[in-house]
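Scroll down for the structure; my scribbles are underneath it.
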Amino acid sequence: MSKPFDATLKELVTAYPVDWLTQLGVPITAPPEVLTADLSTVTAAADTLIKVGDLVVHIDLESGPDDELARRMLLYNVLAHHHTKLPVRSIVVLLRSNAVGGGPTDGVEYEPNPGVSELRFRFETVKAWELSSEAMLNAGLGFLPLAVLGKPLPGQTRLQALPAIAKRIADRAEQEAKADAERLLVAAYILSAMHVPPAVGRVIFNKVIAMKDSPGYQFILEEGAIDYARALILRQGGRRIGEPTEKQKNKLNTIEDLERLNRIADEVHTAKTWDALLRVK
């Protein structure tokens, strides 16, 4: 997955697993449990593993082309199965059309000794740009920010549709998840940069925010996104490598580059120390 969107999407999946599983067509047979399985002894940690009953669902989110995607998905599937001893359902969510690479797009198969030995592996692919924005606006809150990536109403471009979509995201977030409204709106703003220039998206979202009386909406999007990324790094890093020192916290707080913060967040799962994590450029 392209780095600037990693932290935003991983946080949405882990915070709202039911919404994501429902939208991806996974039956909820038991309360979902987000697993913290670290597969980094062989490769990077899988994006998200969610246990549902006797099944593990691996959700991988991609916004840029990856010719090795199919083989990487095979590796994650095998490692997750080895770690959990459960069947693993692999689902790739492609966030924009240029995320389709030049390699195999749905699996890996070969027969080193025809008729005697073979390997066949398939994974599911969901293309966000082919999903209806309207359907995503009516999905669970955890999937709501992805409405900015979906197919707009006939006769509209994504840029033309964005103001109304941003308003509906803000309205639902305020009505149904007031405490989480800022996170959902910032996530939508960050994701909108896949299709519109960030400066344009900022103007659109700030107009929506200006209509709200709630103090929780009174923030500048770029600052909100930076604060959100720092908070995410502290939460994930605290669980993974322990609490940082005050000096390390201060160093994190001096980083103003949003894309660098997202790259740091993406390395939390493999970093051994805070000092190493904060050296990520």
In nm, spacing of pseudo-spin labels at Thr29 and Arg235 (7 Å Cα→C-beta vector): 3.0 nm
Mean Kyte hydropathy of 0.0 or more with a Cα span along the axis of at least 27 Å, helices from DSSP in the chain: none
Rule-of-thumb Rg ratio for the stretch 74-120 [Cα; 2.2 N^0.38 Å; N residues]: 1.46
Contour excess over end-to-end distance, with Cα ends at Val126 and Thr36 and 0.36 nm allotted per residue: 30.0 nm
Approximate spin-label separation His82-Lys251, in nm, with each point projected 7 Å along Cα-to-Cβ: 3.3 nm
Positive dipole terminus of the chain, leading residue within Leu162, Thr245, Gly64 (C-beta point charges): Thr245
Max mean-square fluctuation residue, GNM over the chain, Cα-Cα springs under 10 Å, options Leu61, Leu153, Leu184: Leu153
Scaled radius of gyration (Cα, divided by 2.2 N^0.38 Å) that the stretch 131-219 gives: 0.98
Protection proxy ranking of 243-253, 191-201, 8-18 - average other beta-carbon atoms within 10 Å, highest first: 8-18, 191-201, 243-253
Linear extension gain, Leu55 paired with Asp275, 0.36 nm per residue minus alpha-carbon span: 75.5 nm
Estimated dipole of the chain in Debye, rounded to 20 [Cβ of Lys and Arg +1, of Asp and Glu -1, Cα centre]: 420 debye
Residue-by-residue Karplus 3J(HN,Hα) for the stretch 115-123, coefficients 6.51, -1.76, 1.60, Hz, glycine and proline x: x, 10, 9, 7, 9, 9, 9, 10, 10
Under 14 Å, Cβ to Cβ, from Ile165 - net charge with Lys/Arg +1 and Asp/Glu -1: +4
Label of the coordinate-derived value, Cα extents along the principal axes in Å, listed as [x] 68, 53, 37; [y] 55, 43, 33; [z] 55, 39, 39: [x]
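Laboratory data are not the source of any read-out in this text; all were calculated from the coordinates shown. On a predicted model such as this, the values are computed, not experimentally measured, just so you know. Glycine also receives a Cβ, built like all others from the backbone with ideal geometry; neighbour counts cover every protein chain displayed.
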